[in-house]
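Everything below concerns the one structure shown next.
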Amino acid sequence: MVPDLDFLFRSSSDPILFLEFHRQFTHSVLFIPVGGLACASLFHLILGRRAGVPFRSTWLFCTLGYGTHGLLDAFTSYGTLLWWPFSSERVAFSLVSVIDPLFTVPVLVLVILAAVRRQKLFAIGALVWAGLYLGAAMVQRNAAIEMGATLAASRSHTPLRLDAKPSFGNILIWKIIYATEDRYFVDAARPTFAPRVFPGESVRKLDVARDFPGLDINSQQARDIQRFSVFSDGFLAQDPLVPDRIIDLRYSMVPNEIDALWSIAISTDAGPDAHVTFQAHRRDPKESIDRLWSMMVATTVE
């Protein structure tokens, strides 16, 4: 878990900074031996030396443990800079949600059992479960993408981009996003167990000159929009309900809705050096989970 200490990289004046640094250099493949060394330096003093384990072995074990973090994060849809500093691409295989109890809880229980009972069979079981779950997620994602392509074709659309991402906490319901020349379309799909499509909403693509005509293109806010676009893989739109917001379309609690989990707010009255404001949005979680659950168990198209 040590790589996630990157959340400490924050700035009171620059709200975009933490987005850029989360899952950045601490999660890169190149940094794994360094992160392992930092962990080993601590754990050898606390545990390794007392147990008579050589420092080299402690470093090896810590490096193996540290290395799993960034690689596993890449299987989510958030994006991880695995190849930093050689590439700024955020690797996202989009197979599991950032929070997925069906993946995490069995692995955690089996790892604890392996440690407590000192039986590696439980650890092997954790690896098998993780592999099977990610394999099933890959099958689901591919099927969701095919359903998205079919849905777009039924609307006479030829998508310029099309992606599928797991909805919150599960791999049964998938969020489908595709782009046409001027709009993003957001839908949901259940690829297996009585496959269903849940038609959603659409919104115009962000056009800064059109949507924020009073914004100086040389201002800090304009640069912040570009930084937010890199983080969001370009999936940006002006909030239909709050015109001064720019939303990240990739995430919503209800997968076929344009109800972003976060956004940045623009102020055309701000000075040239003023930053945007980052905002997190949390609707009623019970209502969202109930609606997501209804998609999981629905027998008809909504």
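Each reported figure results from applying straightforward, stated rules to the coordinates on display, with no laboratory input. Please read all numbers here as calculations on a predicted model, not as lab measurements. Cβ atoms come from the backbone with ideal geometry, glycine included; neighbour counts cover every protein chain shown.
Some observations on this one:
- GNM on the chain, alpha-carbon springs under 10 angstrom: the most fluctuating residue among Asp224, Asp233, Asp273 is Asp273.
- For the chain, the Kirkwood hydrodynamic radius comes to 21.4 Å, computed from all pairs of different C-alpha atoms.
- Once the convex hull of all Cα atoms in segment 180-268 is built, its volume per residue stands at 98 Å³.
- For segment 214-250 and segment 159-208, distance of Cα centres in Å: 20
- In this Cβ point-charge picture (+1 for Lys and Arg, -1 for Asp and Glu), the chain has a dipole of about 1460 debye about its Cα centre.
- Under the Karplus curve 6.51 cos²θ - 1.76 cosθ + 1.60, θ = phi - 60°, whole-Hz ³J(HN,Hα) for segment 101-112, x wherever Gly or Pro sits: x, 5, 8, 6, 4, x, 4, 4, 4, 5, 5, 5
- Think of the chain as a dipole: +1 on every Lys or Arg Cβ, -1 on every Asp or Glu Cβ, centred on the Cα centre; then among Phe278, Ala92, Leu30, Leu30 lies furthest on the positive end.
- Long-range HN-HN contacts of Phe93 with modeled amide H, under 5 Å: Phe75, Thr76
- Panel note: the C-alpha atoms of segment 1-114, placed on their principal axes, show extents of 45, 33, 28 Å (largest first).
- Convex hull volume per residue in cubic angstrom - Cα atoms of segment 137-297: 109
- The Trp293 and Leu64 beta-carbon pair, evaluated with R₀ = 25 Å, returns a calculated FRET efficiency of approximately 0.10.
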